[in-house]
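J.: Okay, here's the structure, questions in a sec.
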Amino acid sequence: LPAQLLRLAQDAETELRLQRDLLLQIQKFSRLQQHQKTPKPPPTPAPTEAEFPVIPVLVLACDRSSVRRCLDKILRYRPSARRFPVIVSQDCGHAETARVIASYGQAVAHIRQPDLSDIPVPPEHRKFQGYYKISRHYRWALGQVFRTFRYRAAIVVEDDLEVAPDFFEYFQAVFPLLQRDPSLWCISAWNDNGKEAMVDSARAELLYRTDFFPGLGWLLLAELWDELEPKWPPAFWDDWMRQPEQRRGRSCVRPEVSRTMTFGRKGVSHGQFFDQYLKFIKLNDRFVPFTQLDLSYLKKEEYERFFLQQVYSAPEVQIEELQKDPGRDLGAVRLQYRGRDSFKALAKALGLMDDLKSGVPRAGYRGIVSFVCRGRRVFLAPPSDWTGYDPSWS
């Protein structure tokens, strides 16, 4: 009897072990089935073409049939026809230029400024009639973009500009910063002191804030046009933009190496500055993937923290030291000016553009102009206790 009881107990234990293993397998299978029935969350889709902002390129044209050079590069480098439609606004009624624009067919929209009449001007401004017509054209064309077509932003270029391969990449990357930062009012593709010997071509990704309105390929928001349109000037619109009443303490972003160059020596300015400066501007030829870079350093507080520290920690030198020093592979230095005449003398000696608009130097930020001299980074700067621009320095 004890032997039989022991055998029955062993059989029962074996049966229980089998049932336990079977139960575990059933539970495992049930979990697997449940997992298969639960739908997986869909992967996060990449932004579609329709989700990117649409930013038209407004090309202002007049009587230059060489607008073809401008349009060819814009159409070659733009990454999307939907996101960057091209609108050519023509003034002057020049037939040959109109034929060139029409030859692009549906690739561009061709609009024509309807009022080609002469503008009454003061007798002393008779020779500046062209500047009055340009200002009238800008007002009409920007009105078409923001009022008739109702775009929320636009890139403005003129018919004598050639754009760089990463022109659109640059604007696309900095556009969100312009939207979020109220201390900015434009993004410009231009460096006024961008001559080849005065920029670091190996650092084409460098961007700066500037208090000087550069123009020559620039991006603005519709909100800015709402502000400017009611008081738009009859002439000299770009210098008007540089006045304190319009700038209101705001800055633009500009590159180390220009993303535009001008080939238009002929124009209403009769080549002013062209032979001395503009024809030497370096056009960037190396594509920079700006949309993959962190550009948060351009926010005002962060920028001022690191930029001012960089400038005023650089050793101060005299211009004679700078001009005789080969400078290669040496650190940044600072040249200090203390007044208008001091600035203009140093700028002229160094080959910088020395004119001031409402007291603001070209490419300057808080009075500081950053450039390269003999391979060395130089900051032409006021004293560290700088208190603001003097509009009488003009």
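The values are calculated or read from the model by the stated rules, or taken from the named source; none is laboratory data. Predicted model, so just to flag it, every value in this text is computed and none were measured. We place every Cβ from the backbone using ideal geometry, glycine too, and count neighbours over all the protein chains shown. Calculation scope for accessible area: heavy atoms of the full protein, side chains included, ligands and nucleic acids excluded. Shrake-Rupley method; radii C 1.70, N 1.55, O 1.52, S 1.80 Å.
J.: Take the residues in segment 163-200 that are farther than 18 Å from Tyr365 by Cα and touching a Cys at 6+ places or on another chain (Cβ under 9 Å); name whichever of them is most open to solvent (accessible area, probe 1.4 Å).
T.: Ala197
J.: While we're looking at this one, here's another question. Of these, Gly359, Gly375, Gly339, which one is farther than 15 Å from Asn193 by Cβ and in contact with a Gly (Cβ under 6 Å, 6 or more places away or on another chain)?
T.: Gly375
J.: It is to be established whether one or more residues within segment 267-276 are closer than 23 Å to Arg136 by Cα and either in contact (Cβ under 8 Å) with a residue 12 or more places away in the chain or of a type in the set (A, V, I, L, M, F, W, C) (or both).
T.: yes
J.: Quick check on my filter: what residues within segment 242-262 are of a type in the set (A, V, I, L, M, F, W, C), under 15 Å from Gly364 (Cβ atoms) and open to solvent by 30 Å² or more (accessible area, probe 1.4 Å)?
T.: none
J.: Turning to a different aspect of this structure: Examine segment 213-225 for a residue that is over 21 Å from the mean Cα position of the chain (by Cα), open to solvent by 30 Å² or more (accessible area, probe 1.4 Å) and of a type outside the set (Val, Ile, Thr), and state whether such a residue exists.
T.: The answer is no, given that none of the residues of segment 213-225 is over 21 Å from the mean Cα position of the chain (by Cα), open to solvent by 30 Å² or more (accessible area, probe 1.4 Å) and of a type outside the set (Val, Ile, Thr).
Residue-by-condition table, conditions (1) surrounded by 11 or more Cβ atoms within 10 Å (Cβ to Cβ); (2) modelled with pLDDT under 95:
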site	(1), (2)
Gln272	yes, yes
Tyr277	yes, yes
Lys282	yes, no
Gln292	no, no
Leu322	yes, yes
Pro326	no, yes
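J.: Now, a different point. Would you check if there is a residue in segment 147-154 being in contact (Cβ under 8 Å) with a residue 40 or more places away in the chain and among the β-branched types (Val, Ile, Thr)?
T.: The answer is no, given that none of the residues of segment 147-154 is in contact (Cβ under 8 Å) with a residue 40 or more places away in the chain and among the β-branched types (Val, Ile, Thr).
J.: With (1) over 17 Å from the mean Cα position of the chain (by Cα); (2) open to solvent by less than 10 Å² (accessible area, probe 1.4 Å); (3) not β-branched (Val, Ile, Thr) as the list, and Arg209 as the residue in question, which single condition is left unmet?
T.: Answer for Arg209: the failing condition is (1).
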